[in-house]
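First the structure, in the form of structure tokens, and then the observations on it.
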Amino acid sequence: MMKKRLMPLAAVAMLAISAIAAGSTQAVAKDAQSHYALVQTTLEQHILPHFAALRTAAAQLPEDVASTCRTGDDGAREKLTTAFRNTVLAWAGVSFVRFGPMSVDSRRERLSFWPDPRGIVNRQLRQVLASSDMAVADSITKQSAAVQGLPALEVLIEDRDVPLGPAPQSVFRCKLAEAIAVNISHIAEEIDTDWTKPGGWKDKMLRPGSDNEIYKEPRDAASELVKTLLTGFQLIADSEIKPQVEKKRGFDGPYAKANLSKAYYAAGITSLDKLYQVMGLENFLDEDKDWVKNWVGGAWRTLRESDGAGGAAAGVPKQYAPSLRKVFDMLTGIRKLVVGEMSQAAGLAVGFNELDGD
Amino acid sequence: MNSMEIDRRALLLGTLAFVGGQANFAWAGGPRSDVAFVSAIRHGDGRFAVLLLAADGSIVREVPLSARGHDIALHWLSGRAVAFARRPGTFAVGFTIETGATPVVFTAASDRHFYGHGVFSHDGRLLYVSENDIPGGRGVIGIYDVAKGYKKIGEHPSHGVGPHEIILLDDGKTLAVANGGLDTVPDFERIDINRDAMQPSLTFVDAESGVLLAKHTLPAELKQLSIRHVAADAAGLVWFGAQWEGAQTEIPQVIGSAGTSRRVRLIEPPAAQCVDVKGYIGSVAASADRSIIAASAPKAGRVVYIDAASGTIKATSELKDVCGIAGEPGGQFAESSGFGVIRHEVPGAELISETQLSDVAFDNHLRRWG
């Protein structure tokens, strides 16, 4: 059974008032406790640590870009490569958590303008570089999202023709790279702060009530997390796996220039796996639904054997590498069972149109 | 770019032949079969279809779909209907309501995808479809010759990005287009690739020439308000329901109206009438006399009824995951939900009936036949 935690008194009181009959009061309160526990556990064990990790990783970028630009030596460059990798993989772990602080000021697009099937990052960055306009670097937050975040920084870091360094031809590039790095760090910091500050999004989710503009009851906050989980399955299946299966228009994987696509896929699936596990939705299923747990358990084992790009995960023999089609099917299969079985058992049924209308 | 030349003669026939007698056109045909409602659905086992329902909610017939559908365009006089794949799908299925003749499947051009909506010309010869020019990322209105098995004969610009619902106004010549502002490419399914640079608009386009008659954009602070669905009222104003793509803490009003010569006005309910729709309207529809506009809010589980003349909220009702909505005679509305419910009600008055279909999730839109 799901571990129960105490709800804030205000939330319990609100629920007691809203329930009409004594029987329904007990049922609603029981559900509310479960939903509250789900939210608290998920925030503590997944959402908050993952955003903190992004903030920590991104905080290293400005210093490492500056160091590379100042010295141009291999040690500094290697350190920057590591910092960039850490930030990209931390981002992969939260890229599907799109509500709350992430929804503010187009932070998601400004951090990671991907997918970019129209090649906007390259096009706009070329224009900026051609202009060598220092004012652009000074006002990076006012520029297009495409040149503000990690993909733009990737282009600058990975450009072997004009590498970041102290050479005269790199002066503007370095100015721009430093501005982007600072911007990435600031956005990651803002998101983390907006989650954790007093009255921030964590508090909104843990203190539902009539005076809460977003979450009136624990169910609302728990539903938000269920939707996030479902969004994660959908995004990874549709934007990361399926385009690899159906290569139609010259698909570029995420952060391919830095050779991070595989690691990005793996980090996303690992984070989704963790989110699924900490939410504990299986615990709401009745005993006669063991087949659901068994199927999902097998699906996660398959996903853990994949590198997300058609190969085997680290430590897994090559012959056990699941095909990308199988990875896609496992992701969509788990998603269907979360929608059709688990969310309903948890009293968190998400409507067909509410979840994915148009 | 699509180099297809528009067949001007076909366009003229399609747009002008029935001009002059189109007031309340939608209600002129009257029911000729048991079919009262049409909607795209999903079965419990994941199959997709269009359901043709009787007034009591019983299933008259089913047209299978290969993937998820969205809206259905109806033409009362010819008995034709077309179901569209939802964004960014590329198929549409033409069928007849009365006869059950073999459906006709047609597809978008290789460099186009559909946005889920379309509308027949008043004479039923042409079908206008909201589409995306994938390489160019610009909205277009595809024009199809119905008699030729829905052969594409041309296209107009939608004069915006991400055209969603399009309707033909009473003059039979003017298309109102909800340009949602969102760019999508099928390779990345439904992921919006330009949320930071959205420019939603409501455009009025000459159906024959494609000339832009009027374009209403939104102020900078509302650039992430995606205008998606439209319905015309008795005065000829076009009402829209939008979806907020910005911060959850900054949700604006998402229902508004505009005309060819009247700028956009969002509803401004007094504080006591402030209704939470979670920044998301899934569908809009007019009452039979078009004096009332209904807007469904599936994320809030709520329908908002607006008095079109005053622009004020007349009533609200609640139904979990409600999205499909259609006006009925007698001031009634029918609503459908993702949990298989069809409900009939009079705004602000009594609930008339409610039917629960098992194993059915009603998709975004509900259309009344007859």
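The values are calculated or read from the model by the stated rules, or taken from the named source; none is laboratory data. Not measured: the values here are computed from a predicted model. Cβ: placed from backbone, ideal geometry, glycine included. Neighbour counts: every protein chain shown. For the accessible areas, the whole protein counts, side chains as well, though only heavy atoms, and no ligand, DNA or RNA atoms are used. Shrake-Rupley method; radii C 1.70, N 1.55, O 1.52, S 1.80 Å.
Structure summary
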quantity	calculated
Which listed residue, of A:GLY347, A:GLY333, A:GLY308, is more than 30 Å from B:ALA242 (Cβ to Cβ), within 13 Å of another protein chain (Cβ to nearest Cβ) and outside any helix (DSSP H, G or I)	A:GLY347
The range A:217-250, residues that are without any contact (Cβ under 8 Å) to a residue 40 or more places away in the chain and either under 21 Å from A:PHE284 (Cβ atoms) or among the acidic types (Asp, Glu) (or both)	A:ASP220, A:ASP238, A:GLU246
Candidate set: the range B:78-103, residues that are of a type in the set (Gly, Ala, Ser) and open to solvent by 30 Å² or more (accessible area, probe 1.4 Å); chosen: the one modelled with the lowest pLDDT	B:GLY100
Total residues in the range B:192-248, condition out of contact with any helix residue (DSSP H, G or I) (no Cβ under 7 Å at 6 or more places or on another chain), open to solvent by 10 Å² or more (accessible area, probe 1.4 Å), among the charged types (D, E, K, R) and more than 11 Å from chain A (Cβ to nearest Cβ)	3
Conditions (1) out of contact with any Ser or Thr (no Cβ under 9 Å at 6 or more places or on another chain); (2) at pLDDT below 95; number of the one not met by B:ASP56	(1)
Residue list for the range B:149-198, restricted to those being over 16 Å from the mean Cα position of the chain (by Cα) and β-branched (Val, Ile, Thr)	B:ILE153, B:VAL161, B:THR184, B:VAL185, B:ILE191, B:ILE193
Single residue of the range A:123-136 satisfying the filter (in a helix (DSSP H, G or I) and open to solvent by 60 Å² or more (accessible area, probe 1.4 Å)) that is farthest from B:ALA220 (Cα to Cα)	A:ALA130
Residue list for the range B:157-182, restricted to those being open to solvent by 10 Å² or more (accessible area, probe 1.4 Å) and part of a loop (DSSP other than H, G, I, E, B)	B:HIS159, B:GLY160, B:VAL161, B:LEU169, B:ASP170, B:ASP171, B:LYS173
Condition met for B:SER296 (among the polar types (S, T, N, Q), within 14 Å of chain A (Cβ to nearest Cβ) and under 21 Å from B:ALA36 (Cβ atoms))	yes
Any hit, the range A:137-148, residues being open to solvent by 30 Å² or more (accessible area, probe 1.4 Å), away from every other protein chain (no Cβ under 14 Å), more than 22 Å from the chain's Cα centre (by Cα) and not basic (Lys, Arg)	yes
Candidates A:LEU230, A:LEU206, A:LEU176 - the one that is closer than 30 Å to A:ASP329 by Cβ and either of a type in the set (Gly, Ala, Ser) or open to solvent by less than 40 Å² (accessible area, probe 1.4 Å) (or both)	A:LEU230
Yes/no for A:LYS202 being part of a helix (DSSP H, G or I) and more than 24 Å from A:PHE352 (Cα to Cα)	yes
Enumeration of residues in the range B:125-140 that are in contact (Cβ under 8 Å) with a residue 40 or more places away in the chain and under 15 Å from B:ALA176 (Cα atoms)	B:LEU127, B:TYR128, B:VAL129, B:SER130, B:GLY139, B:VAL140
Of all residues making up the range A:87-121, the number that are part of a helix (DSSP H, G or I) and open to solvent by less than 60 Å² (accessible area, probe 1.4 Å)	19
Within the range B:264-278, tally of residues that are modelled with pLDDT of 95 or more and either buried (at least 21 other Cβ atoms within 10 Å of the Cβ) or not aliphatic (A, V, I, L, M) (or both)	1
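Residue-by-condition table, conditions (1) within 26 Å of A:THR56 (Cβ to Cβ); (2) away from chain B (no Cβ under 11 Å):
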site: A:ALA90; (1), (2): yes, yes
site: A:VAL97; (1), (2): yes, yes
site: A:PRO101; (1), (2): yes, no
site: A:VAL104; (1), (2): yes, no
site: A:PHE113; (1), (2): yes, no
site: A:VAL121; (1), (2): yes, yes
site: A:LEU125; (1), (2): no, yes
site: A:VAL128; (1), (2): no, yes
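Yes/no matrix, rows are residues, columns are (1) touching a residue at least 24 places away in the same chain (Cβ under 8 Å); (2) within 14 Å of another protein chain (Cβ to nearest Cβ); (3) part of a strand (DSSP E or B):
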residue	(1), (2), (3)
B:PHE95	yes, no, yes
B:GLY116	yes, yes, yes
B:ASP123	yes, no, no
B:GLY142	yes, no, yes
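Here is a yes/no grid of residues against (1) under 28 Å from A:PHE113 (Cβ atoms); (2) in contact with a strand residue (DSSP E or B) (Cβ under 6 Å, 6 or more places away or on another chain); (3) in the same structural domain as A:VAL226 (by TED's automatic domain parsing); (4) surrounded by fewer than 15 Cβ atoms within 10 Å (Cβ to Cβ):
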site: A:ILE241; (1), (2), (3), (4): yes, no, yes, no
site: A:TYR255; (1), (2), (3), (4): yes, no, yes, no
site: A:ASN259; (1), (2), (3), (4): yes, no, yes, yes
site: A:LYS293; (1), (2), (3), (4): no, no, yes, no
site: A:SER306; (1), (2), (3), (4): yes, no, yes, no
site: A:ALA314; (1), (2), (3), (4): no, no, yes, yes
site: A:GLU341; (1), (2), (3), (4): no, no, yes, no
